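Heads up, the thing below is written out as structure tokens.
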Amino acid sequence: MNGSFGLLTNTGSGAIVGSGTGIWISGGEIDNAGSVSGGTYGVFVENGANATIDNAGTITGDVAAIKVWANASATIIDETTGRFNGGNIDFYDGTGSATLTLAAGPGTGLLDAGTIGSGVSLIDVVGTTWAISGTTVIASSTSVKLNGGSTLLVGGGLSVASFLFLGGSATVDLQNPIGQSFGAFDGFAATDKIVLEGVDDANITNFGTSGSSVFVNTIGGATINLDFAGSVDTSQLSFTIDDTLHTMTIGHF
């Protein structure tokens, strides 16, 4: 299926299947609650197009779930626990850009997308809980924005440009932080939290702040380093260790 759509709706019972591409879009909006699949791409956004993809179903492709070509822009909204589970969100190395919005769904969403290329300039977590799998790779030029009340569960390292806290009461839960690299934390303020899982009195030697960074030294010799950007004053950070939950929570006075 291809063309420029005002609005293309695929209902919950609908299935769009292509031998090469499920949907080839040259502009407009796709509202998918069913399934879209292709032998190469689930959705292909062509050169120069401006498209919105609102996904509450599944989008799969053997090469990439969504492919955005040169000079195109896309807003990708995922509001499902079904996730983009058939491949990457991939971008041609042109001037195109996209925002991936992780919106509220029926439960905790899972972004398990293989590779999210440099064409995604922003991942926007909107007041809900999402997990990023430990095998998902996100380009170092991409920023992750956590709107008020959002929670992001990070399964592995995530060397993005920044984690931007905006609106308060946002949480980043680093589920496997030891030996991993992470982007800088910006806008971190009172009511925001960073949780380090697997970190407690039994496996750390010391922790503290150094300039704009937080360090946690572990018994095994590995160090967790978290960098803070912008106007964050690391002397105003608080540290709470829970030996029952095996976590360290970093807060802000």
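Rounded to the nearest whole Hz, the Karplus-based 3J(HN,Hα) values (6.51 cos²θ - 1.76 cosθ + 1.60, θ = phi - 60°) of the stretch 204-210 follow the sequence 10, 9, 6, 7, x, 10, 9, with x at glycine and proline. Extension gain, A202 to V63, is 45.6 nm, computed as 0.36 nm per intervening residue step minus the present C-alpha separation.
Over all other residues within a Cβ to Cβ distance under 14 Å of L7, the charged ones net out to -3, with Lys and Arg as +1 and Asp and Glu as -1. Using the Cβ of K145 as centre and a radius below 14 Å, the other residues enclosed give a net charge of -3, where K and R count +1 and D and E count -1.
Using a cutoff of 8 angstrom between alpha carbon atoms and counting only pairs six or more residues apart, the relative contact order for the chain works out to 9 percent. Potential lengthening of the chain between Q236 and T135 amounts to 33.0 nm, from the contour at 0.36 nm per residue minus the alpha-carbon distance.
Each of L111, L7, L153, L174 was scored by other Cβ atoms within 10 Å of its Cβ. Listed from fewest to most, they are L7, L153, L111, L174. Only one residue of S231, A49, S212 has its Cα farthest out toward the positive end of the dipole of the chain, where Lys and Arg carry +1 and Asp and Glu -1 on Cβ, and that residue is A49. Charge dipole of the chain (Cα centre as origin; +1 on each Lys and Arg Cβ, -1 on each Asp and Glu Cβ, all else neutral): 300 debye, rounded to the nearest 20. Of M248, M1, the sequence from fewest to most neighbouring Cβ atoms within 10 angstrom is M1, M248.
Counting charges near F228 (Lys, Arg +1; Asp, Glu -1) among other residues having Cβ under 15 Å from its Cβ returns a value of -3. Summary of the geometry: the stretch 1-17 and the stretch 200-249, compared by the centres of their Cα atoms, lie 48 Å apart.
None of the figures in this text is laboratory data; all of them are computed from the coordinates on show. None of these values were measured; they are calculated from a predicted model. Glycine gets a Cβ as well: all are built from the backbone with ideal geometry, and neighbour counts include every protein chain shown.
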